[in-house]
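Just below is one structure, and these are the notes that go with it.
The values are calculated or read from the model by the stated rules, or taken from the named source; none is laboratory data. Just so we're clear, the structure is a prediction, and the values are computed from it rather than from any experiment. When we count neighbours, we look across all protein chains shown, and the Cβ atoms used for this are built from the backbone with ideal geometry, even at glycine. Side chains included, ligands, DNA and RNA excluded: accessible areas come from the protein's heavy atoms. Shrake-Rupley method; radii C 1.70, N 1.55, O 1.52, S 1.80 Å.
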Amino acid sequence: MLPTIGFVLLLTCTIFSNTKATQLKTYIVHLSSPEAQPRDIEEWYNSFLLKVASGSNEEPKMVYAYRHVITGFAAKMSADQAEMMENLTGVLSVRPEAVHQLHTTRSPYFLGLRQNSGLWKDSNYGKGIIIGLLDTGITPEHPSFDDYGVPAPPSTWKGKCEVAGCNNKLIGMRSFINGSSPIDEHGHGTHTSSTAAGNLVDNANVFGSGNGTASGMAPLAHLAMYRICDSDGCGGSAILAGMDAAIEDGVNVISFSISGPNNPFYDDSMAVAAFTAIQKGIFVSCSAGNMGPLSESVQNTAPWILTVGASTIDRRFRTSVLLGNKMLLHGESLNQTKDSDHKLRHLVYPVKDGELSAWCNEGSLDHIDVKGKVVLCDVGKTRNVEMGKVVKNAGGAAMIIANDIYSGESIAAEPYVLLASFVGYKEGVEIKKYLNSTSSPVATILCGGTVVGLKSDPEVAVFSSRGPHFVSPGILKPDIIGPGVDILAAWRESIDNKTGTKATFNVIRGTSMSCPHLAGISALLKRAHPDWSPAAIKSALMTTASQVNRNGDPIVDERGLPADIFAIGSGHVNPPKAHEPGLVFDIQPDDYIPYLCGLGYTPKQIEIIIKKRVTCSITIPEAQLNYPSFAVTLKRGESKRYTRTVTNVGPANSSYSIRDISVPKGVHIEVVVHNDQELSFKEVQQKKTYEVTFSRDIKDKNQNGLYGQGHMTWVSGKYTVRTPFSFKFE
């Protein structure tokens with residue numbers, strides 16, 4: 001079961017004293033950009049509120065006045081006032097703020113980051129780059145945020161600290177939760193911050209497990225925290241306010257481990273805010289969501305955002321179940337009890353007393369004799385850690401948790417209060433077979449400690465959200481996957497597993513964890529290549545991603561199924577290769593205008609996103625955007641032609657030819673380079689354009705509504721530039 005790391009409740013950003021005011025809702029108001037910049041932006045915004053205040057007993061209240069992220073403001077208004085506001089001249093849109101939810105000692109090594117090598121060479125480590133995180137806050141006194149070896153922030157930094165605790169590592173702390181400080185009360189923001197750019201901390205572990213040197217991806221980068229969430233959730237108005245401040249403060253990279261409804265981009269606070277960021281040259285990394293393995297569940301799908309799915313790393317916190325028939329089945333737990341007697345004990349499975357008993361809910365074992373026995377529980381509605389408390393309180397000596405068929409082999413290492421092992425679905429089936437084979441079943445749990453170097457990783461986390469998506473189906477999402485399972489990173493306070501041991505680190509999972517991995521890696525790339533645009537950094541990450549595990553086999557899903565293109569996107573991040581991509585697919589902010597026009601958005605809707613007036617004199621199909629992947633819909637007998645333009649960021653004199661190309665049966669591809677069969681360059685930053693034509697046989701037997709996938713790869717010596725394809729057959 002996926003641990004609870006997020007909330008889906010509305011965040012109230014402003015507190016009012018009278019009853020009528022508390023009945024007002026927060027609305028986000030987008031205004032048309034004025035021809036001349038107002039002398040006082042807040043006064044101009046308030047003039048709109050005054051126009052809807054007359055004749056009403058409920059006076060509207062300004063919540064946030066935005067200066068960068070949108071032309072507009074957030075205000076508390078009644079529904080009637082919001083309707084009046086939307087009809088005012090100069091108002092583009094009035095919408096209620098949306099509900100949003102929150103979505104490592106080993107992972108740097110797993111990703112190929114080594115001291116004095118590659119992106120960690122020549123004291124890079126992200127030095128001088130500022131990563132802004134919009135999250136639940138941060139714990140400034142944690143050793144991961146010590147500034148040893150971190151230089152002073154660049155002179156471009158304009159941010160501030162609202163509470164004590166800042167230094168050269170943690171250079172900004174601000175809160176956009178009314179009445180709350182930027183101090184983390186949840187843990188999520190502390191964990192994501194240290195994953196992105198935590199400093200090196202020796203002997204980091206959780207109850208002795210995973211012991212090693214903890215480090216963020218960019219350990220010498222600066223951090224700025226913008227608290228926009230609390231235990232009740234994250235409001236759209238606070239998201240915009242945090243992003244507005246981050247842009248003004250001067251961050252270089254933004255990490256958003258948050259998601260909301262899949263609305264059109266002009267009605268998506270995160271998409272609108274992220275576009276303003278990329279206009280300012282700021283890279284934005286977002287989590288793909290934790291709704292996998294459902295298809296069409298991916299979130300944060302705007303093409304100017306890096307959308308990150310989650311994968312496993314090559315580490316397990318192993319506890320193994322030894323059955324009376326000598327079968328050994330591996331599982332996981334953070335509680336690695338050293339003084340276990342390894343004694344085979346009676347094995348109890350309380351399913352005969354009903355499903356609730358098998359879920360080991362509170363009170364379900366009160367009338368079952370489990371004293372001194374090993375209890376088998378099924379994953380259910382109760383959190384795994386709580387199951388452990390129920391079993392211990394009932395007198396159980398140890399616990400086995402068997403996963404359900406839906407989650408398969410996706411298991412989590414958690415801090416149980418007793419000796420325990422969380423095993424996959426297949427292992428659970430074997431245990432139940434053994435139970436049915438004997439009248440005296442026995443078992444014990446063996447602690448295997450921290451196991452590293454597993455060759456089957458990375459695998460796609462079962463919870464990682466999948467494509468395709470329908471906000472813009474001509475853009476393939478997610479873009480990439482990165483470590484998001486059992487990630488060890490900083491925590492807001494010492495956690496206690498009720499055995500007397502405490503830890504200031506915690507192990508959790510989610511695309512919330514993979515997102516800051518990519519944010520930190522992007523900071524390394526920004527430091528190494530300061531002239532690269534956000535789109536160029538994104539391209540470098542995607543075209544160099546890997547599609548195989550450490551054993552050289554295709555990446556699979558944790559359920560043991562092949563991981564398709566809608567699970568991995570371009571593949572698994574490969575930082576050393578991303579450092580030297582050879583070619584990049586660059587996109588400038590204004591290049592998105594014909595793309596947005598092609599989505600059918602009106603000029604007013606596009607103005608909400610790009611903050612200037614436009615005319616849709618030019619439109620392009622989605623797949624024509626200069627993206628590092630293709631998502632193409634084909635009917636039988638249909639052909640579609642697109643272009644791509646690549647920029648040479650490798651050696652000046654170089655030539656690229658296609659060495660690897662794959663499409664589904666019944667689909668054909670033709671690649672044409674103007675006046676040449678290769679992409680030949682004589683200068684760095686030189687651009688070349690080529691055409692790609694996809695066609696489908698008129699008698700193709702692929703069923704309509706199904707999907708296919710493929711790829712092509714340009715190669716020049718050590719440089720490989722891979723472009724994945726997804727196909728929908730209509």
Among T156, T190, T195, which is the only one that is of a type outside the set (F, W, Y) and over 21 Å from S287 (Cβ atoms)? T156
Residues of region 261-282 being open to solvent by 10 Å² or more (accessible area, probe 1.4 Å) and within 21 Å of I131 (Cα to Cα), in sequence order, are S269, I278, Q279, K280, G281
Taking the condition assigned to a loop (DSSP other than H, G, I, E, B), touching a Gly at 6+ places or on another chain (Cβ under 7 Å), open to solvent by 30 Å² or more (accessible area, probe 1.4 Å) and modelled with pLDDT of 90 or more, does K371 pass? yes
Could you list, in sequence order, all residues of region 149-183 that are of a type in the set (K, R) and outside any strand (DSSP E or B)? K158, K160, K169
Determine the pairs where a residue that is at positive phi, located within region 624-641, has a partner that is surrounded by fewer than 22 Cβ atoms within 10 Å (Cβ to Cβ) and hydrophobic (A, V, I, L, M, F, W, C) with Cβ atoms under 9 Å apart, the partner being 6 or more residues away or on another chain. G637/I698
For region 670-721, which strands (runs of 3 or more DSSP E) that fit wholly inside it have 2 or more residues that are surrounded by fewer than 16 Cβ atoms within 10 Å (Cβ to Cβ), within 33 Å of the chain's Cα centre (by Cα) and not hydrophobic (A, V, I, L, M, F, W, C)? 687-696
Only one of these conditions is not met by P38: (1) modelled with pLDDT of 90 or more; (2) touching a helix residue (DSSP H, G or I) at 6+ places or on another chain (Cβ under 6 Å); (3) open to solvent by less than 40 Å² (accessible area, probe 1.4 Å). Which number is it? (1)
Could you say whether any residue in region 437-444 is crowded, with 24+ Cβ neighbours inside 10 Å and either in contact with a Gly (Cβ under 6 Å, 6 or more places away or on another chain) or not acidic (D, E) (or both)? yes
Qualifying positions in region 310-344 - of a type in the set (D, E) and in a loop (DSSP other than H, G, I, E, B): D314, D339, D341
Name the single residue that is modelled with the lowest pLDDT among those in region 482-505 being more than 18 Å from the chain's Cα centre (by Cα) and open to solvent by less than 30 Å² (accessible area, probe 1.4 Å). N497
Provide a single number: the residues in region 406-436 that are out of contact with any Gly (no Cβ under 9 Å at 6 or more places or on another chain) and hydrophobic (A, V, I, L, M, F, W, C). 5
Does region 642-660 contain any residue that is at pLDDT 95 or above, closer than 27 Å to G708 by Cα, open to solvent by 10 Å² or more (accessible area, probe 1.4 Å) and assigned to a loop (DSSP other than H, G, I, E, B)? no
Tell me which strands (runs of 3 or more DSSP E) are completely within region 196-282 and hold 2 or more residues being of a type in the set (A, V, I, L, M), or say none if there are none. 201-206, 222-227, 253-256
Can you pull out the residues in region 596-626 that are assigned to a helix (DSSP H, G or I), of a type outside the set (A, V, I, L, M, F, W, C) and more than 23 Å from V94 (Cα to Cα)? G598, E622, Q624
Members of region 129-148 that are assigned to a loop (DSSP other than H, G, I, E, B) and among the small types (G, A, S): G137
Return a yes/no flag: does region 379-394 have any residue that is in a loop (DSSP other than H, G, I, E, B) and over 26 Å from the mean Cα position of the chain (by Cα). yes
Counted residues in region 136-161 being small (G, A, S) and open to solvent by 60 Å² or more (accessible area, probe 1.4 Å) come to 2
Kindly establish whether T156 is more than 17 Å from N506 (Cβ to Cβ) and β-branched (V, I, T). yes
Condition check for A402: under 27 Å from P293 (Cβ atoms), among the aliphatic types (A, V, I, L, M) and modelled with pLDDT under 95: no
With touching a Leu at 6+ places or on another chain (Cβ under 7 Å) and within 27 Å of R613 (Cα to Cα) as the only criterion, which of M225, M270, M243, M217 stands out? M243
If you take the residues in region 41-51 that are touching a strand residue (DSSP E or B) at 6+ places or on another chain (Cβ under 7 Å) and aliphatic (A, V, I, L, M), which one is surrounded by the fewest Cβ atoms within 10 Å (Cβ to Cβ)? I41
Scan region 569-626 for residues that are open to solvent by less than 20 Å² (accessible area, probe 1.4 Å) and either over 24 Å from the mean Cα position of the chain (by Cα) or farther than 25 Å from S716 by Cα (or both) and jot them down. G582, L583, Y592, Y595, L596, C597, I606, E607, I608, I609, I610, A623
